[in-house]
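The values are calculated or read from the model by the stated rules, or taken from the named source; none is laboratory data. Only a predicted model underlies this, so the values are computations on that prediction, with no experimental measurement involved. Cβ: placed from backbone, ideal geometry, glycine included. Neighbour counts: every protein chain shown.
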Amino acid sequence: MNVIIVGMGFIGSGLAWKLARQGFSVTAVDQDQKALDALGDSFPGKRVCGIGLDRDVLLRAGIDRTDALVSCMRSDEANIVVAHVARSTFRVPRVIARLHDLTKADTYRRLNIQTVSPNAWGIARIGELLTYNHLDNVFEVGSGDVRLVRADVPALLDGATVREISALGEVQIVSVSHDNETFIPTQGTVLAAGDIIYAAVATSASRKFKQMLGITD
């Protein structure tokens with residue numbers, strides 16, 4: 001899979017190395033040659049020095065034949081322009097943009113651009129850690145519309161089935177850990193207090209899932 005990453009800051013460079021180690025064909029783009037050099041001599045990907053907003057720079061990076069593009073520059077405005085060009089002009093199949101200012105999220109959504117916000121994740125994560133009550137977000141999918149959550153089965157659900165804490169299109173239990181064994185459950189799987197479950201939960205159904213588990217806000 002060919003991936004272009006625009007912006008070699010902390011996140012961009014870390015992502016470039018992570019994907020390269022996983023076997024992706026990575027092209028790193030940054031206007032600062034020093035940022036590209038900081039990837040190190042052993043970096044196996046391609047490096048393109050130039051402004052990510054420049055069409056010619058993007059063409060040198062192979063935007064017309066890439067499978068994905070990630071724009072993670074410091075400027076939200078720059079990220080949205082690069083992502084929009086990748087999506088609308090070059091029809092790049094997968095486009096992701098880093099978002100700093102959460103008030104701009106709707107703009108990205110209207111352009112059908114998936115975003116990742118370290119700020120939003122950090123705020124949510126700190127809040128969860130401070131108010132943890134047997135439910136923990138593992139990660140978000142898309143623009144936060146679906147979450148994978150970890151939960152401890154409470155005593156009140158001892159003997160309940162997976163079906164009782166599932167909701168079609170809203171809550172899907174994807175794994176259960178019991179007595180040091182983890183498996184994919186069926187709707188009829190019987191739960192025991194202390195089991196650990198992972199569930200895919202629509203953000204709009206978070207409150208419903210908490211109610212199923214007997215968790216109060």
key: Filter result for Arg150 (outside the structural domain of Asn112 (by TED's automatic domain parsing) and either over 30 Å from Gln114 (Cα atoms) or among the aliphatic types (A, V, I, L, M) (or both))   = no
message = Tell me whether the stretch 169-185 contains one or more residues that are part of a helix (DSSP H, G or I), surrounded by 12 or more Cβ atoms within 10 Å (Cβ to Cβ), more than 22 Å from the chain's Cα centre (by Cα) and at pLDDT 90 or above.
response = no
query = Is it the case that Val92 is at pLDDT 90 or above, crowded, with 17+ Cβ neighbours inside 10 Å and over 17 Å from the mean Cα position of the chain (by Cα)?
reply = yes
note = With the first residue restricted to the stretch 77-88 and required to be in the same structural domain as Asp56 (by TED's automatic domain parsing), and the second required to be outside any helix (DSSP H, G or I) and of a type in the set (Ser, Thr, Tyr), Cβ contacts under 7 Å at 6 or more apart or on different chains are Asn79/Ser71; Val82/Ser71; Ala83/Ser71
Helices (runs of 4 or more DSSP H) contained in the stretch 1-72 and holding at least 2 residues touching a residue at least 24 places away in the same chain (Cβ under 8 Å) and closer than 18 Å to Thr89 by Cβ = 55-61
remark   = In the stretch 95-136, residues that are part of a strand (DSSP E or B) and at pLDDT below 75 total 1
message = For the stretch 154-168: of the residues being of a type in the set (Gly, Ala, Ser) and not in a helix (DSSP H, G or I), which is farthest from Asp195 (Cα to Cα)?
response = Ala167
query = Residues in the stretch 193-210 that are surrounded by 13 or more Cβ atoms within 10 Å (Cβ to Cβ) and out of contact with any Ser or Thr (no Cβ under 9 Å at 6 or more places or on another chain): how many?
reply = 10
